[in-house]
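See below for the structure under consideration.
The values are calculated or read from the model by the stated rules, or taken from the named source; none is laboratory data. Owing to the predicted nature of the structure, the values given are computational and were not obtained by experimental measurement. No Cβ is skipped: glycine too gets one built from the backbone with ideal geometry, and neighbour counts run over all protein chains shown. Only protein heavy atoms, including side chains, enter the accessible area calculation; ligands, DNA and RNA are left aside. Shrake-Rupley method; radii C 1.70, N 1.55, O 1.52, S 1.80 Å.
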Amino acid sequence: MSRFYGHGDKVAYFFIAFGIYLLFRAISEARVTSLMGEALYISIAISLFASNVPRVMDIPLHMVQPIRKIEFFTFALALCCFVALCLRYLI
């Protein structure tokens with residue numbers, strides 16, 4: 001594990017870039033995909049932003065708790081959208 005020391009910022013930047021990709025994908029496929037698919041992409045992207053932006057930026061301490069709540073809410077929303085999409089394709 002010592003050889004990966006100090007690479008946490010690089011991983012956080014990768015997840016932020018992946019979140020930007022998901023937002024662009026949701027916007028570009030707005031008329032083509034279902035609303036549930038768009039909500040899935042957007043909620044995953046916001047969850048990635050909320051979990052990784054505080055790792056690379058200094059934020060005030062009074063903003064930590066609201067950002068964590070946003071992260072958990074959007075993660076739960078992404079799970080609900082994923083289950084709904086799975087059920088839609090199974091039925």
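Points worth noting:
- From largest to smallest, the equivalent ellipsoid semi-axes obtained for the stretch 12-56 from the alpha-carbon gyration tensor read 22, 10, 5 Å.
- ASP9 accessible area, 1.4 Å probe, all protein chains in place, Å² to nearest 10: 80
- Annotation: peptides 42-52, 70-80, ranked by per-residue average of other Cβ atoms within 10 Å with the highest first, follow the order 42-52, 70-80.
- The spread of Cα positions in the chain, taken along each principal axis and listed from longest to shortest, comes to 47, 31, 25 Å.
- Degrees between helix 64-90 axis and first principal axis of the chain (Cα, 0 to 90, nearest 10): 30
- For the stretch 10-39, the list of trypsin sites (Lys or Arg not before Pro) that fall in a loop by DSSP and count at most 14 other C-beta atoms within 10 angstrom reads ARG31.
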